[in-house]
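The values are calculated or read from the model by the stated rules, or taken from the named source; none is laboratory data. Everything quoted here is computed from the prediction, not taken from an experiment. Methodologically, a virtual Cβ is constructed for each residue, glycine included, from the backbone with ideal geometry; neighbour enumeration extends over all protein chains shown.
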Amino acid sequence: MTSQVAALALDIGGTKLAAGVVDSRGVVLVHARVPTPVTDDAGVVWAALVALVDSLLADPATGRFAAVGIGCGGPMVWPAGLVSPLNIPAWRGFPLLDLVRERYARTKPCVIHNDAVALAVAEHRWGAGRGADHVLGMVVSTGVGAGLVLGGHRVDGTSGNAGHIGHLIVDPQGPDCACGGRGCLESIARGPAIAAYAVERGWTGEPTAVAVATGAREGNLAAIAAFARAGRAVGVAVASAAALLDLDVVIIGGGIAETGDLLFEPLRAAFDEHAGFEFVRRCRIVAPELGPRAGLSGAAALAFDLVIPQH
């Protein structure tokens, strides 16, 4: 690919809606974001996304794009793009790909995948997983998801939902999960679960992960316990995934991961405790090199593969 190729990228999650134009090096040229509306009305979320993208495209600095890539929380019917993100309850079987294609890509290639898959692809191609053949890219935020690159190639699975590490069981006696299971990683490590656990332990501040993180840095014991519990759960899941898949590197991004040592210290401690084999212990656990815009870069990478496939 040449640096002249650009893609319109959408990164859709439970916390934020982001849009940008990305070049073929993975560099985000222009971008914008808004909070994801908290609503049960599917049309309200869609309208917010349309307003965001229309505003971005109205800027002359945006330039032209050759394809459209979408990263969205799952699960989804793939590749059809009917999305049902657990962290966007207004969308159930929502025809996101068709709607985006109709509005922005009638004559251009348009593709969708899980937002964590997009992150994994971007970091494998341009970031912390560059040069590695076996990569797990995770998003720990309002939800917990992951994408896989094995043998140097993206892994989709039968339904496109491969890599759903957020629904790996880390505590069989743990809390119920929105997926219908019990004790899933997501039910413990997602932002709202961290806040809820802190409240159970006596936290009286604002019941959000951001506020709890601030409380943990200030020494609040309930807040510290909530992040320690979440970090341990992620560490157990990563050790299990590394043993199953013989991974080179695990890249962990998302809003909760951006709290740094609050999550990563208990995470690494749990990984060290549960990683028995040497091939498991050699797996590196790192933050994304591409930073908080990795999702946009990854969505663009999916689009670039339609324009000029990778070899």
(message) With the requirement that a residue be closer than 28 Å to Gly127 by Cβ and surrounded by fewer than 16 Cβ atoms within 10 Å (Cβ to Cβ), what does region 33-54 give you?
(response) Val34, Pro35
(request) Under 7 Å between Cβ atoms, at least 6 apart or on separate chains: pull out the pairs that start in region 123-139 with a residue that is of a type in the set (D, E, K, R) and end on any residue that is in a loop (DSSP other than H, G, I, E, B). (result) Glu123/Gly129; Glu123/Pro288; Glu123/Glu289; Glu123/Leu290; Arg125/Gly26; Asp133/Gly151; Asp133/Gly152; Asp133/Asp248
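For the structure I just gave you, tell me whether Val22 is within 16 Å of Trp126 (Cα to Cα) and not in a helix (DSSP H, G or I). Steps first, please.
Details: within 16 Å of Trp126 (Cα to Cα): yes; not in a helix (DSSP H, G or I): yes.
Criteria met by Val22.
Per-residue answers, yes or no, for (1) under 16 Å from His167 (Cα atoms); (2) without any contact (Cβ under 8 Å) to a residue 60 or more places away in the chain; (3) among the aromatic types (Phe, Trp, Tyr); (4) surrounded by fewer than 20 Cβ atoms within 10 Å (Cβ to Cβ):
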residue	(1), (2), (3), (4)
Ile224	no, yes, no, yes
Gly231	yes, yes, no, no
Leu247	no, no, no, no
Ala257	no, no, no, no
(request) Consider Leu247 carefully, then state whether it is in a loop (DSSP other than H, G, I, E, B), within 19 Å of Gly129 (Cβ to Cβ) and not assigned by TED's automatic domain parsing to the domain that holds Val27. (result) yes
(request) Return the total of residues in region 166-198 being touching a helix residue (DSSP H, G or I) at 6+ places or on another chain (Cβ under 8 Å) and without any contact (Cβ under 8 Å) to a residue 12 or more places away in the chain. (result) 2
(request) Give Ala61, Ala122, Ala51, Ala90 a once-over and let me know the one that is outside any strand (DSSP E or B) and within 30 Å of Leu150 (Cα to Cα). (result) Ala122
(message) Please determine whether any residue of region 140-153 is assigned to a loop (DSSP other than H, G, I, E, B), over 24 Å from Ala223 (Cα atoms) and modelled with pLDDT of 95 or more.
(response) yes
(message) I'd like the full set of residues that are surrounded by 21 or more Cβ atoms within 10 Å (Cβ to Cβ), of a type outside the set (Ser, Thr, Tyr) and in a helix (DSSP H, G or I), limited to region 168-207.
(response) Glu186, Ile188, Ala189, Gly191, Ala193, Ile194, Ala195, Ala198
(request) Could you tell me whether Leu29 is within 19 Å of Gly143 (Cα to Cα), assigned by TED's automatic domain parsing to the domain that holds Tyr104 and hydrophobic (A, V, I, L, M, F, W, C)? (result) no
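Can you find even one residue in region 276-294 that is charged (D, E, K, R), in a helix (DSSP H, G or I) and touching a helix residue (DSSP H, G or I) at 6+ places or on another chain (Cβ under 6 Å)? Give the steps one after another, and end with the answer.
Our first condition is that a residue be charged (D, E, K, R); within region 276-294, this holds for 278, 281-282, 284, 289, 293.
Add one more test, that the residue is in a helix (DSSP H, G or I), and what stays is 278, 281, 293.
Subsequent filtering for residues that are touching a helix residue (DSSP H, G or I) at 6+ places or on another chain (Cβ under 6 Å) retains none.
No: zero hits.
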